[in-house]
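Participant: The structure follows.
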Amino acid sequence: MHISVIGTGYVGLVTGACFAEFGVNVTCMDTDARRIAKLEKGEVPFFEPGITELVSKGIKEDRLHFTTDVAKAVDKALVIFIAVGTPPKSDGSADLSYVEEVGRGIAKNMTGYKVIVTKSTVPVGTGEKLREVIKANQTGRFRFDIVSNPEFLREGSAIEDFMRPNRVVIGADSEQAVAIMKDLYRPLYLLETPIVVTDIPTAEMIKYASNAFLAVKISFINEIATVCEKVGADVQMVSKGMGLDNRIGNKFLHAGPGFGGSCFPKDLAALVQTGERVGYPFQIAGAAAKVNYEQHLRMVQKVKDACGGVKGKTLGVLGLSFKPNTNDMREAPSLTILSELMKEGATIRAYDPASMEESVKLLPGMVPCQDTYDVAEGADGLIIMTEWNQFRNLDFERLKKSMKEPLLLDLRNTYESDRVVTYGFRHVSVGRTT
Ligand code: UGA
């Protein structure tokens, strides 16, 4: 089978490379000629474990191709995935202009029956809108079907998530399209992956509901953490005790500086906006976003309290990306927290294993460092902002020698206090009093 993927961003490229690995013939299309030229040489423009190897393999085995020509992408493909951006507009609603533009491009270049699939997170109703755009711009009278097949990949473990998903959601109103989509995902049958077949708006809603629910879980545990600090309870044990209830589950109950990334903040805003559009103010999604922003600010206060004010102080920061194993800085908690601390007069020395280049641009005034121990030099406190594995086994003896004050501000609850205090460090974490 030939398929194409339009948009070689994060979702598009992972989708293309993984389908090529499934043995499908894939053409990835993007209007960005420089990006395509690099991809043709196997150069991936973002950091994601395993993706470069998979792209190179696909190219070598002649199953993964790249083009800037939409006609080429449409011509042979039976299935066309749309994986272009849907950035938030100023009112929080998703900007669908890229999706619509792709729809017009497909319409004008169709040469036969096509299954046209939205893979990016798109608001409920986009499938129908896309159908209208294609119908209005078709030059020939070819049949086509629209499918919503939302992706549930997490940055940092995208390939594993694609290859071993919890479920595949197919929203369609045509048996033929469902059969083709099922065929495409056939390699997952061995793993007995559940396939949820439903209508298009329901599939679109599943994506928003899933992301919003996960965001709510995080904001919920972050609020519990704040109360834990006040009543002398330990949020880690509260999460454990809650999570053992199968109805709750232990995932996404890890307290920290608040969530970031390109998905949760954007999808919450879009859900709130959808609610407004249909006359139902979606309260929980709005509350989760508000709690999250306040959580960033609470971290600023936590650092200030621990240091007795930050004016004139030097703070070392480990990790800047919104989570480990990515260089993505979109909506990263570090942006708000560190900007505030710098505004308050702190000097920030920081290191991230993957996002230094981007961070330096986003956090003017921050002193970029080479590694953990460079960060700690002369610091009045060391903040763990992102829980990269390499920060989980710090050499506290060595850190203590180079720091001005032995203070660990562990915003990801990476360490048990017992261990840290043995080295003479003060340990401040989230939702725990010790
Ligand atoms: C999220 C979803 O998990 C994916 O299923 C979805 O496909 C994706 O959005 C998307 O819509 O594209 P992602 O944003 O890559 O994936 O990252 P997550 O692993 O979900 O983490 C999001 C944020 O929540 C991070 O800042 C992380 O540090 C934070 N988090 C996560 C917590 O603070 N506590 C937790 O317990 C879990």
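The values are calculated or read from the model by the stated rules, or taken from the named source; none is laboratory data. Fair warning: this is a prediction, and the values are worked out from it, not measured in the lab. Note: ideal-geometry Cβ built from the backbone for every residue, glycine included; neighbour counts use all protein chains shown.
Participant: Is there a residue in the range 352-368 that is modelled with pLDDT of 95 or more and closer than 22 Å to ALA255 by Cα?
Facilitator: So far as the range 352-368 goes, yes, one or more of its residues are modelled with pLDDT of 95 or more and closer than 22 Å to ALA255 by Cα.
Participant: List pairs: first in the range 251-266 and closer than 15 Å to THR226 by Cβ, second among the small types (Gly, Ala, Ser) and more than 7 Å from the ligand (Cβ to nearest atom), Cβ under 7 Å, 6+ apart or cross-chain?
Facilitator: Close Cβ pairs (under 7 Å, with a partner that is among the small types (Gly, Ala, Ser) and more than 7 Å from the ligand (Cβ to nearest atom)) amount to LEU253/SER239; LEU253/GLY243; HIS254/SER239; ALA255/ALA225; ALA255/GLY431.
Participant: I'm trying to understand the selection: among the residues of the range 329-374, which are within 16 Å of the ligand (Cβ to nearest atom) and touching a Phe, Trp or Tyr at 6+ places or on another chain (Cβ under 6 Å)?
Facilitator: The first filter runs over the range 329-374 and keeps only residues within 16 Å of the ligand (Cβ to nearest atom), leaving 329-338, 352-355, 358-359, 362.
Those that are within 16 Å of the ligand (Cβ to nearest atom) and touching a Phe, Trp or Tyr at 6+ places or on another chain (Cβ under 6 Å): ALA332, PRO353, ALA354.
Participant: Among the residues of the range 125-143, is any within 16 Å of the ligand (Cβ to nearest atom), crowded, with 19+ Cβ neighbours inside 10 Å and under 16 Å from THR202 (Cα atoms)? Please lay out each step first, then the result.
Facilitator: Of the range 125-143, the ones within 16 Å of the ligand (Cβ to nearest atom) are 126.
Checking which are crowded, with 19+ Cβ neighbours inside 10 Å leaves us with 126.
Restricting the remaining residues to those that are under 16 Å from THR202 (Cα atoms) gives 126.
Yes, the range 125-143 contains a residue that is within 16 Å of the ligand (Cβ to nearest atom), crowded, with 19+ Cβ neighbours inside 10 Å and under 16 Å from THR202 (Cα atoms).
Participant: Another question, if that's okay. Can you pull out every residue in the range 395-411 that is touching a residue at least 24 places away in the same chain (Cβ under 8 Å) and within 25 Å of ALA225 (Cβ to Cβ)? Spell out how you get there, then give the answer.
Facilitator: Taking the range 395-411 first, the residues touching a residue at least 24 places away in the same chain (Cβ under 8 Å) are 396-400, 402-405, 407-411.
Scanning the range 395-411 gives PHE396, GLU405, LEU407, LEU408, LEU409, ASP410, LEU411.
Participant: Further question: Check the range 168-179 and report whether any residue there is over 24 Å from LEU78 (Cβ atoms), touching a residue at least 60 places away in the same chain (Cβ under 8 Å) and not acidic (Asp, Glu).
Facilitator: Taking every residue of the range 168-179 in turn, none turns out to be over 24 Å from LEU78 (Cβ atoms), touching a residue at least 60 places away in the same chain (Cβ under 8 Å) and not acidic (Asp, Glu).
Participant: Checking the structure you have, find out if any residue of the range 53-74 is modelled with pLDDT under 95 and closer than 18 Å to GLY156 by Cα. Give the derivation first.
Facilitator: Just the residues of the range 53-74 that are modelled with pLDDT under 95, to begin with: none.
No, there is no match, as no residue in the range 53-74 is modelled with pLDDT under 95 and closer than 18 Å to GLY156 by Cα.
Participant: Within the range 221-272, take every residue that is more than 13 Å from the ligand (Cβ to nearest atom) and in a loop (DSSP other than H, G, I, E, B) and give me the one that is nearest to ALA209 (Cα to Cα).
Facilitator: Residue satisfying both the conditions and the ranking: ARG247.
Participant: Given the options ALA270, ALA225, name the one that is surrounded by 16 or more Cβ atoms within 10 Å (Cβ to Cβ), hydrophobic (A, V, I, L, M, F, W, C) and over 20 Å from GLU416 (Cβ atoms).
Facilitator: Numbers: ALA225 fails: over 20 Å from GLU416 (Cβ atoms).
That would be ALA270, the only listed residue that is surrounded by 16 or more Cβ atoms within 10 Å (Cβ to Cβ), hydrophobic (A, V, I, L, M, F, W, C) and over 20 Å from GLU416 (Cβ atoms).
Participant: Any residue at all in the range 174-182 that's surrounded by fewer than 14 Cβ atoms within 10 Å (Cβ to Cβ), farther than 21 Å from ILE3 by Cβ and either assigned by TED's automatic domain parsing to the domain that holds PRO88 or not polar (S, T, N, Q) (or both)? Step through it out loud before you land on a result.
Facilitator: Taking the range 174-182 first, the residues surrounded by fewer than 14 Cβ atoms within 10 Å (Cβ to Cβ) are 175-176, 179.
Subsequent filtering for residues that are farther than 21 Å from ILE3 by Cβ retains none.
Taking every residue of the range 174-182 in turn, none turns out to be surrounded by fewer than 14 Cβ atoms within 10 Å (Cβ to Cβ), farther than 21 Å from ILE3 by Cβ and either assigned by TED's automatic domain parsing to the domain that holds PRO88 or not polar (S, T, N, Q) (or both).
Participant: Are any of the residues in the range 324-332 closer than 20 Å to SER417 by Cα and in contact (Cβ under 8 Å) with a residue 60 or more places away in the chain?
Facilitator: Within the range 324-332, the first condition is being closer than 20 Å to SER417 by Cα, and the residues that meet it are none.
So far as the range 324-332 goes, no, none of its residues is closer than 20 Å to SER417 by Cα and in contact (Cβ under 8 Å) with a residue 60 or more places away in the chain.
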